[in-house]
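> First, the structure itself, so that you have it in front of you.
The values are calculated or read from the model by the stated rules, or taken from the named source; none is laboratory data. Everything numeric here is computed off the predicted structure, so don't read it as measured data. Here the Cβ positions follow ideal geometry from the backbone for every residue, glycine too, while neighbour counts run over all protein chains shown. In case anyone asks, the SASA skips ligands and DNA or RNA and just uses the protein heavy atoms, side chains included. Shrake-Rupley method; radii C 1.70, N 1.55, O 1.52, S 1.80 Å.
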Amino acid sequence: MPVETRTDVLADSTDLLAELLSAGLARHGRARPATAPVDVQPLGVRDAFRAEGRPSALAVPVRYYGRHAVVGPFPASGDTGQLPCARCLERRWQAVRSVALREALELGDGTRAAGPSPYVTPFAAETLAGLIAARLDGGGPETGAFPAVHLVDLQTLAVRHYPLVPDPECPVCSTPEPDTDAAATLTLKPAPKLRPGSFRVRDIGSYELPVEPYANPVCGSLGPSVVQDVSSTSTSATIGCFSMRSGPYLRETFWGGHADTFAESVRIGVLEGLERYAGMRSRAKRAQVHASLDGLRAEGRAAVDPRVVGLYSDAFHAANPHVLPFTSDREIPWVRGWSLRDGKTVLVPEVLTYYHAPGLENRFVQESSNGCASGGALEEAVYFGLMEVVERDAFLLSWYGRAALPEIDPRTSRRPATRQMVDRLEMYGYEARFFDTRISFPIPVVTGVAVRPDGGPGRMCFGAGAGLDPEAALAGALCEIATDAVNLQGRTERDEERLRAMAYDFDQVAALHDHPLAYGIPEMGDHADFLLGAPGSVRQPPLSFAELYGDGPGARPVLPVSDDLREDLQRCVDAVTGAGFDVVVVDQTMPEQRALGLTTVSVLVPGLLPIDFGWSRQRALRMPRLRTALREAGLRTADLTDADLNPAPHPFP
């Protein structure tokens with residue numbers, strides 16, 4: 001007698017569940033028509049990201065794994081092209097599974113059934129049949145913009161529902177947007193502000209942003225959950241995470257919010273998560289231009305030169321031979337952006353704007369989310385993206401150039417919340433200090449530092465903010481240091497051995513989180529003496545907001561603020577382009593963001609310092625601007641030499 005294989009066992013369980021469902025639906029008055037009303041398939045058996053074939057558009061998907069079954073999404077009556085589809089569910093489900101299961105499905109040879117499922121029983125199937133019949137009769141929960149799928153525990157028969165967000169990369173139901181010159185054209189329109197002093201056109205509370213579609217254990221598009229950081233004693237922080245494969249490894253991407261209430265932090269976090277999900281790789285459109293820079297120039301096409309944006313050193317490529325250096329004759333993928341300076345389409349290397357684009361062979365640099373921003377209008381998104389680029393450029397210029405910056409007195413802030421948070425940090429043993437980091441442009445940039453006056457573990461952490469309102473720029477920097485400082489001592493002590501090794505071998509600073517955490521080690525703080533002053537030294541008294549940003553004789557000019565965000569943005573663009581730079585915008589908006597009235601963009605200013613994480617990856621150290629900008633701004637009398645540069649990795653979080 002032949003031995004039954006585990007694959008046969010799985011097929012038998014699937015057939016049995018389909019048969020029991022068919023009988024159950026018949027008892028509910030839904031006899032099996034010519035087209036099967038249910039499509040039963042196991043989950044966790046094949047890689048959903050590479051699955052072939054098309055699930056039936058008319059059948060109700062029933063997917064099962066272990067003790068759980070997922071029912072839905074339900075097809076709309078008379079509509080065979082409904083979004084999302086069963087493949088969307090399979091892909092979303094797999095994306096929130098454990099690392100072990102994903103490795104088996106995506107890199108291994110899949111999984112097998114250990115034996116017949118003990119959960120496929122007539123009683124469980126009756127529950128599924130009753131659920132399906134009720135939904136087909138028009139029942140079901142209201143889940144807003146996205147349809148519900150139902151999670152049924154086949155052991156306890158508990159039923160829960162979750163909204164399913166369509167997968168913009170689904171090979172079955174997604175419709176890629178064209179990447180054409182016409183589609184890349186951007187027109188800045190009037191954008192009246194929500195209120196005076198704001199740089200938003202809509203209140204965050206006006207967006208339909210329930211957390212359930214984005215963070216749930218069945219099909220959350222931004223991961224399986226969102227966690228309230230109850231250990232934070234400064235802000236009501238929330239944290240979520242999703243994973244995305246890049247070749248052989250899964251990259252974890254964290255998102256979150258840092259506001260005064262958990263409810264607001266969740267909404268901010270979802271917006272940030274969607275922004276990062278959109279910016280990691282192109283989902284709504286596909287790169288259609290594959291060419292070399294030399295070839296594009298021969299055709300007379302405008303393109304961003306990666307050499308102007310910054311490249312890694314020869315030493316980096318020698319130590320990492322799998323990362324191929326950029327050459328002007330090498331064919332790479334390009335996406336279309338829009339030059340706000342020249343008013344025309346410009347091609348941008350895909351890896352410079354989508355920082356997790358597939359195709360490791362094309363990734364000659366590893367970009368970050370710098371310059372990516374979302375907003376309730378195009379003008380809002382571009383404004384905040386440009387502010388981020390200006391902020392990081394100024395931070396790196398001041399850090400690596402060891403610029404002595406004017407200190408700001410936060411107690412002269414007009415915002416009570418700012419003064420109160422400074423006092424709260426003082427109670428936790430940290431002095432909050434802030435510095436006017438304007439270098440090249442009349443746009444306020446503020447560096448914030450939370451410092452332990454006693455110089456102990458968790459010595460300091462940094463943050464930054466930028467915007468036309470200096471109060472808002474300081475508040476942005478304060479939010480970052482207030483969130484990080486209260487846990488810094490504990491994190492430093494728990495990871496002291498690894499972090500202390502970084503203090504004596506900067507090559508150990510390899511990842512994003514290494515940069516800020518390294519400065520929890522007391523001796524690392526010595527590299528910030530140029531800014532904070534050596535311990536025990538006499539400090540110049542900080543200056544008030546009025547002295548730095550007012551109309552007095554010592555104040556430096558700041559761009560005026562209007563009631564229309566487009567006017568503010570245009571002044572900022574003019575300031576940047578007037579200094580000889582271009583401002584290039586790539587629209588990254590995903591369909592689900594567009595449906596919410598959101599726009600996400602990537603803003604690139606070739607020639608400004610790019611921020612990198614990992615000591616061996618510091619493109620800024622090789623950029624001409626690092627040597628010249630402080631002199632051009634009147635902060636140095638001569639260009640910097642290598643000996644003038646800060647020898648330590650930046651502490652940007």
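> Skip the ligands, DNA and RNA, and give the accessible area per residue of segment 528-590 with a 1.4 Å probe, whole Å².
Numbers: 3100 Å² over 63 residues.
So segment 528-590 comes to 49 Å² accessible per residue, rounded to a whole number.
> With only Lys, Arg, Asp and Glu charged, each at its Cβ (+1 for the first two, -1 for the last two), find how big the charge dipole of segment 449-603 is about the Cα centre; round to the nearest 20 debye.
Details: 11 positive and 25 negative charges, 45 e Å.
Dipole magnitude for segment 449-603 comes out near 220 debye.
> Based on the mean of other Cβ atoms within 10 Å per residue, sort peptides 302-308, 105-111 so the most packed one is first.
Details: 302-308: 16.6, 105-111: 14.1.
Ranking, from highest mean packing down: 302-308, 105-111.
> With a 10 Å radius around each residue's Cβ, average the other Cβ atoms per peptide and rank 631-644, 240-253, 439-452, highest first. Mind showing how you got there, number by number?
Details: 631-644: 12.4, 240-253: 15.5, 439-452: 24.7.
Descending mean neighbour count gives 439-452, 240-253, 631-644.
> I've got another one for you. How do 575-586, 473-484, 592-603 rank on mean C-beta neighbours within 10 Å, highest first?
Details: 575-586: 19.6, 473-484: 24.6, 592-603: 21.7.
Those peptides, ordered most packed to least, come out 473-484, 592-603, 575-586.
> Another question, then. Using the Cα centre of segment 69-172 as the reference point, and only Cβ charges (+1 on K/R, -1 on D/E), how large is the resulting charge dipole? Debye, rounded to the nearest 20. Working shown, then result.
Numbers: 8 positive and 11 negative charges, 28 e Å.
Dipole of segment 69-172, to the nearest 20 debye: 140 debye.
> May I ask you to list the residues of segment 263-278 whose amide nitrogen lies under 17 Å from a point 7 Å from Cα along the Cα→beta-carbon direction of Q228?
Residues passing the 17 Å test: 263-270.
> Out of every Cα-Cα pair in segment 190-331, what percent are more than 27 Å apart? Walk me through the intermediate numbers first.
Working: 4778 of 10011 pairs.
Above the 27 Å cut-off, segment 190-331 has 48 percent of its Cα pairs.
> For segment 386-536, what is the convex hull volume of the alpha-carbon atoms per residue, in Å³?
109 Å³
> Continuing with this model, one more query. Please give the per residue accessible area of segment 289-381, computed with a probe of 1.4 Å over protein heavy atoms only, in Å². Mind dumping the intermediate values first?
Numbers: 3500 Å² over 93 residues.
On a per-residue basis, 38 Å².
> Using Stokes-Einstein with the Kirkwood hydrodynamic radius over Cα pairs, what translational diffusion coefficient do you get for segment 118-191 at 4 °C and a viscosity of 1.567 mPa s, in µm²/s rounded to a whole number?
Translational diffusion coefficient: 80 µm²/s.
> Multiplying the sequence separation of T628 and V323 by 0.36 nm and subtracting their Cα-Cα distance, what value in nm do you get? Kindly include the intermediate steps, with their values, before the conclusion.
Numbers: separation 305, 0.36 × 305 = 109.80 nm, distance 2.94 nm.
Full extension from T628 to V323 adds 106.9 nm.
> Once label points are set 7 Å from the Cα along Cα→Cβ at both Y207 and E496, what is their separation, rounded to one decimal in nm?
Label-label distance for Y207 and E496, simple model: 4.2 nm.
> Okay, moving on. Put a dot 7 Å past each Cα toward the Cβ at R414 and E426; how far apart are the dots in nm?
The answer from the label model is 2.3 nm.
> Skip the ligands, DNA and RNA, and give the accessible area per residue of segment 80-207 with a 1.4 Å probe, whole Å².
Working: 5990 Å² over 128 residues.
Value returned for segment 80-207: 47 Å² of accessible area per residue.
> Please give the residues of segment 381-414, grouped as numeric ranges, whose backbone N is less than 12 Å from a label point set 7 Å along the Cα-to-Cβ vector of R539.
Hits in segment 381-414 for R539 at 12 Å: 407-411.
> Ok, one more. Consider the candidate values (1) 55, 31, 26; (2) 48, 27, 25; (3) 47, 31, 23; state which one is semi-axes √(5λ) of the Cα gyration tensor in Å computed from the structure displayed.
Here the calculated entry is (2).
> What is the extension gain from D137 to A59, computed as 0.36 nm multiplied by their sequence separation minus the C-alpha to C-alpha distance, in nm to one decimal? Don't jump to the answer; show the numbers that get you there.
Working: separation 78, 0.36 × 78 = 28.08 nm, distance 1.47 nm.
Fully extending the segment from D137 to A59 adds 26.6 nm.
> With labels modelled as points extended 7 Å from the Cα through the Cβ direction, what inter-label distance (nm, one decimal) is found for A51 paired with E331?
Taking the simple label geometry, A51 and E331 are separated by 3.4 nm.
> May I pose another question? Summarise the accessible area of segment 558-617 (1.4 Å probe, protein heavy atoms) by the percent that is carbon and sulfur.
Numbers: 860 of 1830 Å².
Result for segment 558-617: 47 percent of the exposed heavy-atom area is carbon or sulfur.
> Let me ask something else about it. I need the calculated FRET efficiency for the pair Y249 and R27, taking r as the beta carbon distance and R₀ as 45 Å, to the nearest 0.05. If you can, show how the numbers build up before the last one.
Details: r = 49 Å, r/R0 = 1.09.
Efficiency at R0 = 45 Å is approximately 0.35.
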